[in-house]
Amino acid sequence: MFFASATPPALAEPLAAWHKQGSMPDFALEHRCKGLVCGIDEAGRGPLAGPVVAAAVILNPRRFPKMLRDELDDSKVLTRQQREACHGALRRCVERGAARIGVGAASVHEIDRINILRASLLAMARAVDVLGIRPDVALVDGSIAPPIAGAVQTVVKGDSLSFSIAAASVIAKVTRDRIMRGLALRYPGYGWETNVGYATPEHGDAIRRLGITHHHRLSFAPVRLVAEGELPLLAALEAVSL
């Protein structure tokens, strides 16, 4: 069971003064916060296609399984098999009442309308909204805080420092990858079952052969230039930085 604090949310100590010991995430950041703490991270800021997905995760350190203590890390350093295993373990924590998970997303239309940064922050806010409880403190991966109630602490490379943020990174990544693999069945040929929307030679060749889908981000310069017939995708990727 999780209960939000009745006192105003606050940080127990300035996190800027904290230095990580060791190479794996832990609960040190969480322990330096007062009240109920959630970790927030997103997946999918860089791809040429698909939504951006965010997760907010509250963990109970006293009921955190050994498997996750040993294996959970920044989703980018885990293999697909490791991510799936950690995702399953986190979902089982929810079933046992040892964790809460909220997932939010922003669509390609929203990405194109408000830009990828704002869309990422919107997805984070939506993830917190569906947690079912308001955290006192949110630890957010990166350097820009989403528009959520309560105290927010941004943590650069937080997914390699905090178990709560690492859990959010895995939930967001696995969720988004599953969305893209589902879309791959409806849009064969783009390689989304493996590249999950990122820029690859296979993806670029498919765009040239098959064209742009409504799941592609036209606000991203490489896609926009290809859609306008200005440049082949790979040339656009070399000429324009994402």
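The values are calculated or read from the model by the stated rules, or taken from the named source; none is laboratory data. Keep in mind the model is a prediction, meaning the values are calculated, not measured. Heads up, the Cβs are rebuilt from the backbone with ideal geometry, glycines too, and the neighbour counts pull from every protein chain shown.
Summary table below
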read-out	value
Pairs, first at positive phi in segment 134-161, second part of a strand (DSSP E or B) and small (Gly, Ala, Ser), C-beta under 8 Å, six or more apart	Gly150/Ala138
Lone unmet requirement of (1) closer than 13 Å to Glu42 by Cα; (2) touching a residue at least 60 places away in the same chain (Cβ under 8 Å) for Val108	(1)
Which numbered condition His214 misses (of (1) modelled with pLDDT of 85 or more; (2) surrounded by fewer than 16 Cβ atoms within 10 Å (Cβ to Cβ); (3) over 23 Å from Val174 (Cα atoms))	(3)
Of all residues in segment 209-232 being outside any loop (DSSP other than H, G, I, E, B) and β-branched (Val, Ile, Thr), the one that is farthest from Ala43 (Cα to Cα)	Val226
Ala206 being outside any loop (DSSP other than H, G, I, E, B), modelled with pLDDT of 95 or more and among the aliphatic types (A, V, I, L, M)	no
Conditions (1) in contact with a strand residue (DSSP E or B) (Cβ under 8 Å, 6 or more places away or on another chain); (2) in a helix (DSSP H, G or I); (3) basic (Lys, Arg): number failed by Arg100	(2)
Odd one out for Val155 among (1) surrounded by fewer than 20 Cβ atoms within 10 Å (Cβ to Cβ); (2) under 15 Å from the mean Cα position of the chain (by Cα); (3) more than 18 Å from Leu90 (Cβ to Cβ)	(1)
When residues of segment 139-152 are limited to those that are more than 16 Å from Pro25 (Cα to Cα) and in contact with a helix residue (DSSP H, G or I) (Cβ under 6 Å, 6 or more places away or on another chain), the one surrounded by the most Cβ atoms within 10 Å (Cβ to Cβ)	Pro146
Hey, Asp177 among the acidic types (Asp, Glu) and within 13 Å of the chain's Cα centre (by Cα) or not	yes
Tally of residues being surrounded by 16 or more Cβ atoms within 10 Å (Cβ to Cβ), at pLDDT 95 or above and not in a loop (DSSP other than H, G, I, E, B) across segment 1-32	4
Qualifying residue in segment 78-87 (condition: among the acidic types (Asp, Glu) and surrounded by fewer than 19 Cβ atoms within 10 Å (Cβ to Cβ))	yes
Scope segment 128-167; condition within 12 Å of Cys33 (Cβ to Cβ) and assigned to a loop (DSSP other than H, G, I, E, B); matching residues	Pro135, Asp136, Gly150
Failed item in (1) under 28 Å from Pro65 (Cβ atoms); (2) outside any strand (DSSP E or B); (3) more than 14 Å from the chain's Cα centre (by Cα), with Glu110 passing the rest	(1)
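Per-residue answers, yes or no, for (1) modelled with pLDDT of 95 or more; (2) over 26 Å from Gln153 (Cβ atoms); (3) among the polar types (S, T, N, Q):
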{"position": "Ile58", "(1), (2), (3)": "yes, no, no"}
{"position": "Phe64", "(1), (2), (3)": "yes, no, no"}
{"position": "Glu71", "(1), (2), (3)": "yes, no, no"}
{"position": "Leu78", "(1), (2), (3)": "yes, no, no"}
{"position": "Gln82", "(1), (2), (3)": "yes, yes, yes"}
{"position": "Ala85", "(1), (2), (3)": "yes, yes, no"}
{"position": "Arg96", "(1), (2), (3)": "yes, yes, no"}
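Rundown of residues vs (1) among the hydroxyl-bearing types (Ser, Thr, Tyr); (2) within 23 Å of Ser120 (Cα to Cα); (3) outside any strand (DSSP E or B); (4) within 11 Å of the chain's Cα centre (by Cα), yes/no style:
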| residue | (1), (2), (3), (4) |
| --- | --- |
| Cys38 | no, yes, no, no |
| Glu42 | no, yes, no, yes |
| Pro47 | no, yes, yes, no |
| Ala54 | no, yes, no, yes |
| Arg62 | no, no, yes, no |
| Asp70 | no, no, yes, no |
| Asp73 | no, yes, yes, no |
| Arg83 | no, yes, yes, no |
| Gly88 | no, no, yes, no |
